[in-house]
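Everything below concerns the one structure shown next.
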Amino acid sequence: MRRAVAPGFALALPAWIWLAAFFVAPVGVVFWYSFGYKPGLFGTHANDVLSLDRYAEVLTPTFFDTFANTLWVGVLGTALCFVVGAPIAYWMALKAPARVKGLLIALVMVPFWTNFLVRTIGWLILLSPEGWLSSLLQDLGFEPLGVLQTRSAVLLGVVYNYLPLMILPLFVAFDRVGDVVREASSDLGGTPLRTFARVTFPLARPGIIVGVLLVYIPLMGDYLTAVVLGGAKGNMVGQMLASQFQTAQNWALGSAMAIMLVLMIVLSIVALGALARLIAIPVRARYRVDLMEEVA
Amino acid sequence: MIAGFEHPDAGDIRISGRSVIGQAPYRRDVNTVFQAYALFPHMTVAQNVAYGLHERRVARVELRARVAEALAMVQMRRFADRKPSQLSGGQQQRVALARALVNRPAVLLLDEPLAALDRKLREEMQLELKLIQAKLGLTFVFVTHDQAEALSMSDRIAVMRDGRIEQLDDATTIYRAPVSAYVASFVGQQNFFSGVVSAVGGEVQTSYGPISTVSTGLSVGQRVRAAVRPEFVELATGSPPGDTNRVEGRLIGVSHLGEAQQYLVQLGPELSVIARVATPLAPKLQIGESVWCSWRAESVQLFPDDEPIATGSLSAPTTTAIPAQ
Amino acid sequence: MTAREMARSTGVPAAASAARPGPAVHRHRTPIRHRLLLAWSLVGFAFLFAPIVVIVAYSFNTGRLLVSFEDFGIESYLALFQKQVLSDAVSVSLRAAGLSSLIASGLGTLAGIALARRPGGWTVWFVGILLLVAVTPSIVGAVALLPWFVFLGQDLGFGVFNDGIARLTIGSSLFSVAVVAYLVRARLIGMQANLEEAAADLYSTPLRTLRRVTLPLAMPAILSGFLLSFTFSLDDTIVAAFVQVSGTTPWPVYVLSALRSGLRPEIAALSTGMLLLTLFALLVVAIILKRAGDSTADIAKTMAGGS
């Protein structure tokens, strides 16, 4: 009866309208622009002739190299984030003394909530050829640091920037697994490595997927890290499409790049998910226990 | 510590004569039935039971046969493909038992395994556990706070206090001849009288009159507690014949326990005596009536007065039951 | 108390079966892998804090360029109060963040209540949009908003969309709406709906029930959602960089432009000040959530943007 008085839809309607007006509509417009073209030196876009030409343009080596580079940084960066972050999250959730857990989480929060641009500038200072780290290395007889403006610097930057975003969901996931089932596994003869593989990891898997996606998606669309640390060689799609809107004033091409970026993210996630499932098949088969087989 | 999750500060733990100190849990020939079952939620019942066999690299055919056998033993064969979340508490308990048993460990550790079950289910499982233990001939170490459970299930009982074994004996000895007031009061009920040993023959002078015992080994003048179990106390309306111990008091309560009646008799402002009589033999008495309690000298046990006693459930001692092999 | 707990509390063997008193006293050693984990984590935390420590340290640089440290001094902090352009940038950020978090918590709260209490066929679509907002890389949302504001403001003539503060407010509110809705929904789902049914039973009209029962119940989530939105908005760089109008530059965009024109130590001072402000807001959020009975893990989830 309460439903009849005020349908839930009405309460959600303002938020709905707000998001439709300032998210769905503009993204829709970008989608529309991506089929148009840049009419002249001073125009930004025109849609009187529709074509897939902008997408074809994106696929030429000039631009596609950047897409490939972005995918490389995205996959490798996410993997490195996981490799660096998972042991930390595991230690925080399952091995650290219970009374310091809150403090540890607070410590992970601090970099997470430091302005993205600011912490990247922190690395800029650290890695700068004129910085103290570089002069320290020179005093020790090494070359001055030349890592800035390279893909390695971007990789370091993204691993750093998205690491808290990996640690937090992984912490929650490992924390939820708890000690009890892991002790049960040990009691039944599971070595620490096997306990991780057969109990801790499968139980934490939903959280691990969340963490990986939470890092991978924004990392693929990263703009600031590449701007601050990357320079020309560390170019990423975010930077490239931004420049289409800001400097080149070619909104049609920029829109096609934006749509291609989203497509690449979605497709690569689907592909990685399928790959993970494929790998899981023999593992599942190995531990299937079908008693009916024996009866028949 | 037996399972290997904690490490003793001192002492030794030997299984089949070999010390397991410093040995990781996964290397010990001990399996545990955990208090909260600790089943793996992401595996089916059959996968849970097969876990230990997988870890020990048991061949597929043998593994299947042993899992099937273990599940049949706890009557969970039908549920082999369910997930633990689809099972009731009692069923999860059975799976936990099968998961431990299937490995045929030297020692099966049961850490208060029945605590979460309701009374009827608990009694059924007690019986089943005993049957399984008898059939397999394994050593079960059964940890419980329920003294009735300990008495009914074990071949040998270790009563623990503050991490130390107070007494290690068979159930009858623990009940009949407890070594300390603590054990005496923890296992079953006791009536305690404080007093002073007045004669070497074993007479104790209390504020409710002399109590004669057959105990020896205590010196005259020593302060002691005399303990009498409620089922050894007889009740009568008149002064009982013979030279048994006797006190007079007022009946202030009767409770029906089913197979027995329990009477509460007030002797003085601070002391009441509990008497328990099998229902067919129970006398019909009125509340407020004056009654005599009597018991024989042989049923009295004496303990030094300075020993602490277990006060209900607050002290939370632990009983470990160890059936002999 | 289980056997293990007891053994832990007393430190004496509970192992009745074969425990014999002996002179041997065992010192248990931490396994190597635990020490490696600890070492790895310590290095990880050092890594996480390295650039922040650098920024804070370099904010006391008296040199002309941020990157080369000359001497220790607080000149850069004094510059925050002397340079008009810096205080303007902070003021623009604060105003936009305040408006944006108000809008986000209002819309998000209503949406969260609707999601928790009146789910229906529409829920799927709505959650779909929220999810889409949350996972679209912000650069895509940012480049999309720029032509859209131009279209609304210049082609359709809605003057409000030419206003810098309005643009920043809208731009940074979108993600926040999704976060607040998620937080409010999560809190209300954790509570029984029968409190509201009881209110309705006591002749409370739906509107009064909302005001007197539902809103107070959801208050911790709304407050923390508000503060989270505020900090999100305060830190929003990408969307702001695209939609800003010259004259109303928020502080991260000022930093971004300084990156091109030359970083001075006052940038580090500004960043340190804003970091302290953000951390203070988050501390308040953590206290609110702790009071409302959340566990540490719950708080961690909330702080990570509710994802």
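The values are calculated or read from the model by the stated rules, or taken from the named source; none is laboratory data. All values reported here derive from a predicted model rather than from experimental measurement. Backbone-built Cβ (ideal geometry, glycine too); neighbour counts: all protein chains shown.
Do we have any residue at all in the range B:49-58 that's part of a loop (DSSP other than H, G, I, E, B), buried (at least 21 other Cβ atoms within 10 Å of the Cβ), out of contact with any Pro (no Cβ under 7 Å at 6 or more places or on another chain) and of a type in the set (Phe, Trp, Tyr)? No, the range B:49-58 contains no residue that is part of a loop (DSSP other than H, G, I, E, B), buried (at least 21 other Cβ atoms within 10 Å of the Cβ), out of contact with any Pro (no Cβ under 7 Å at 6 or more places or on another chain) and of a type in the set (Phe, Trp, Tyr).
The set of residues in the range B:29-82 being touching a helix residue (DSSP H, G or I) at 6+ places or on another chain (Cβ under 6 Å) and at positive phi consists of B:Tyr37, B:Ala38.
Only helices (runs of 4 or more DSSP H) whose full extent lies in the range A:7-121 are considered here, and the ones with at least 1 residues that are within 14 Å of chain C (Cβ to nearest Cβ), out of contact with any helix residue (DSSP H, G or I) (no Cβ under 6 Å at 6 or more places or on another chain) and under 30 Å from A:Phe174 (Cβ atoms) are A:61-90, A:101-113.
Scanning the range B:283-306 for residues that are part of a loop (DSSP other than H, G, I, E, B), surrounded by 15 or more Cβ atoms within 10 Å (Cβ to Cβ) and not hydrophobic (A, V, I, L, M, F, W, C) yields a total of 1. If you check C:Gly112 against the conditions, is it at pLDDT 85 or above and more than 8 Å from every other protein chain (Cβ to nearest Cβ)? Answer is yes for this residue. The sole residue among A:Thr60, A:Thr78 that is surrounded by 19 or more Cβ atoms within 10 Å (Cβ to Cβ) and among the β-branched types (Val, Ile, Thr) is A:Thr78.
Would you confirm, using the coordinates I've provided, whether B:His7 is assigned to a loop (DSSP other than H, G, I, E, B) and either of a type in the set (A, V, I, L, M, F, W, C) or facing chain A (nearest Cβ under 8 Å) (or both)? When the stated conditions are applied, B:His7 does not pass them.
From the list C:Ser172, C:Ser105, which residue is under 23 Å from A:Gln239 (Cα atoms), buried (at least 24 other Cβ atoms within 10 Å of the Cβ), touching a residue at least 24 places away in the same chain (Cβ under 8 Å) and polar (S, T, N, Q)?
Working: C:Ser105 fails: under 23 Å from A:Gln239 (Cα atoms).
Going through C:Ser172, C:Ser105 in turn, just one is under 23 Å from A:Gln239 (Cα atoms), buried (at least 24 other Cβ atoms within 10 Å of the Cβ), touching a residue at least 24 places away in the same chain (Cβ under 8 Å) and polar (S, T, N, Q): C:Ser172.
Candidates A:Pro218, A:Pro206: the one that is surrounded by fewer than 18 Cβ atoms within 10 Å (Cβ to Cβ), part of a helix (DSSP H, G or I), touching a residue at least 24 places away in the same chain (Cβ under 8 Å) and not hydrophobic (A, V, I, L, M, F, W, C) is A:Pro206. Just one residue in the set C:Arg212, C:Arg167 is within 11 Å of another protein chain (Cβ to nearest Cβ) and assigned to a helix (DSSP H, G or I); that residue is C:Arg167.
Applying a threshold of 6 Å to beta carbon distances and a minimum spacing of six or more residues, or different chains, the list of pairs starting in the range C:146-159 at a residue that is buried (at least 20 other Cβ atoms within 10 Å of the Cβ) and ending at one that is basic (Lys, Arg) reads C:Phe149/C:Arg167. Of all residues in the range B:81-102, those that are in a loop (DSSP other than H, G, I, E, B) and surrounded by fewer than 23 Cβ atoms within 10 Å (Cβ to Cβ) total 5.
Would you call C:Ser172 within 8 Å of chain A (Cβ to nearest Cβ), within 29 Å of C:Ser91 (Cβ to Cβ) and of a type in the set (S, T, N, Q)? Judged against the criteria, C:Ser172 is not a match. The residue pairs whose first member lies in the range C:35-54 and is in contact (Cβ under 8 Å) with a residue 60 or more places away in the chain, whose second member is crowded, with 19+ Cβ neighbours inside 10 Å, and whose beta carbons are closer than 7 Å, counting only pairs six or more residues apart or on different chains, are C:Ile52/A:Pro111; C:Ile52/A:Thr114; C:Ile52/A:Arg119; C:Ile52/A:Gly122.
Comparison of A:Leu156, A:Leu188, A:Leu163 shows that the only residue that is modelled with pLDDT of 90 or more, surrounded by 15 or more Cβ atoms within 10 Å (Cβ to Cβ), touching a strand residue (DSSP E or B) at 6+ places or on another chain (Cβ under 8 Å) and aliphatic (A, V, I, L, M) is A:Leu188. Taken over the range C:220-229, the criterion of being buried (at least 23 other Cβ atoms within 10 Å of the Cβ) and within 8 Å of the chain's Cα centre (by Cα) is satisfied by C:Leu228, C:Ser229. Return the total of residues in the range B:19-35 being surrounded by 20 or more Cβ atoms within 10 Å (Cβ to Cβ), closer than 17 Å to A:Pro192 by Cα and at pLDDT below 85. The number of residues fulfilling the criteria is 2. Put simply, of B:Pro105, B:Pro41 the only residue that is surrounded by 20 or more Cβ atoms within 10 Å (Cβ to Cβ), touching a residue at least 24 places away in the same chain (Cβ under 8 Å), of a type outside the set (S, T, N, Q) and within 11 Å of chain A (Cβ to nearest Cβ) is B:Pro105.
I'd like to verify a number: residues in the range A:126-155 that are within 22 Å of A:Met236 (Cβ to Cβ) and in a loop (DSSP other than H, G, I, E, B), how many? Talk me through it step by step, then tell me what you get.
Pass one, the range A:126-155, residues within 22 Å of A:Met236 (Cβ to Cβ): A:126-128, A:145-155.
Subset that is in a loop (DSSP other than H, G, I, E, B): A:128, A:145-150.
Here the count works out to 7.
May I ask you to verify whether A:Leu193 is surrounded by fewer than 19 Cβ atoms within 10 Å (Cβ to Cβ), at pLDDT 90 or above and more than 25 Å from A:Val110 (Cα to Cα)? Answer is yes for this residue. A count restricted to the range A:245-284 and to residues that are in a helix (DSSP H, G or I), more than 13 Å from A:Val30 (Cβ to Cβ), polar (S, T, N, Q) and touching a residue at least 12 places away in the same chain (Cβ under 8 Å) stands at 1.
Within the range B:161-178, the only residue that satisfies the criterion of being polar (S, T, N, Q) and within 11 Å of another protein chain (Cβ to nearest Cβ) is B:Gln167. Picking from residues in the range C:118-135 that are facing another protein chain (nearest Cβ under 7 Å) and surrounded by 15 or more Cβ atoms within 10 Å (Cβ to Cβ), the one that is farthest from A:Val262 (Cα to Cα) is C:Arg118.
Scanning the range B:50-65 for residues that are more than 8 Å from chain A (Cβ to nearest Cβ) and touching a residue at least 24 places away in the same chain (Cβ under 8 Å) turns up just one, B:Leu53.
Here A:Val199 fits the description: more than 15 Å from C:Thr136 (Cβ to Cβ), crowded, with 21+ Cβ neighbours inside 10 Å and at pLDDT 90 or above.
Of the residues examined, C:Thr205 is one that is over 17 Å from the mean Cα position of the chain (by Cα), farther than 25 Å from C:Phe60 by Cα and at the interface with chain A (Cβ under 10 Å from one of its Cβ atoms). For the range B:129-242, no strands (runs of 3 or more DSSP E) sit wholly inside it while including 3 or more residues that are at pLDDT 75 or above, among the β-branched types (Val, Ile, Thr) and closer than 30 Å to B:Leu281 by Cα. Between A:Thr114, A:Thr195, A:Thr191, the distinction of being more than 30 Å from B:Thr32 (Cα to Cα) and of a type in the set (S, T, N, Q) belongs to A:Thr114 only.
For the range B:146-160, residues that are facing chain C (nearest Cβ under 10 Å) and either among the aliphatic types (A, V, I, L, M) or buried (at least 20 other Cβ atoms within 10 Å of the Cβ) (or both) total 4.
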